[in-house]
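Encoded as structure tokens, the structure appears first; notes follow it.
The values are calculated or read from the model by the stated rules, or taken from the named source; none is laboratory data. What you see is a predicted model; the values in this text were computed from it and never measured. Note that we place each Cβ from the backbone using ideal geometry, even for glycine, and neighbour counts take in every protein chain shown.
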Amino acid sequence: MIFKFHGRISHQKSDEELITEFTSSGDLDILGEVYSKYMHLVYGVCLKYLKEREESMDAVMQIFEKLITEIPKQKIENFRPWLHVVTKNYCLMQLRSKKSIEEKQKEWIIDPGNFMENEYDLHPIDKDEQDMEEALADCIEKLKDEQKECIRQFYYENRCYNEIAKNLGTDEKKVKSHLQNGKRNLKLCLEEKNERKRQK
């Protein structure tokens, strides 16, 4: 469906024997030969969870790449059920991370403590959710680049301080500082917008 392998691996060998060979040699043709047997099953599981064909096909490719690094770390006694679990977990992670920006913004407005980590009081701008979403998005765009990027990775992508620091080529203390300052600036920006609304 997506991958084409040379098919030079002996079909007399079990999946587990081939996985052992891949682990010791790192030969992607060996892994590909095993994976190609179950690609239709992987695709089926992905389609069940992700619902979209193109996204499911992309997931099949991403899962193969994931196996390259994951298999050497594992002791796999039965490849097929193990692969099913890996596929299912991958899909569930994708679904969790697919929360739209709008949903995240609504979540922050409904439960400001979740966004502000109980440090600040975030007042609703008005009862119109669309206005609230647009206001928060506008305030995020006004942040300095470092603050905006840290906010985006921490809250939208659920990354930890260490991951953000590596991605930005900085240290964790600076990440925490950018998040702290970014949240404070968001609070001020939203309060200013709220005050303008009241004055109208």
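Numerical summary
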read-out	value
Residues (of a type in the set (Asp, Glu), exposed (fewer than 15 other Cβ atoms within 10 Å of the Cβ) and over 23 Å from ARG96 (Cβ atoms)) located in segment 146-200	ASP171, GLU172, GLU192, GLU195
Segment 137-185, subset of a type outside the set (D, E, K, R) and touching a His at 6+ places or on another chain (Cβ under 6 Å), residue farthest from MET93 (Cα to Cα)	GLN147
Output for segment 45-56, where each listed residue is in a helix (DSSP H, G or I) and exposed (fewer than 15 other Cβ atoms within 10 Å of the Cβ)	LYS48, ARG53, GLU54
Residue match in segment 58-76 (condition: outside the structural domain of ASN158 (by TED's automatic domain parsing), surrounded by 13 or more Cβ atoms within 10 Å (Cβ to Cβ), touching an Asp or Glu at 6+ places or on another chain (Cβ under 6 Å) and assigned to a helix (DSSP H, G or I))	no
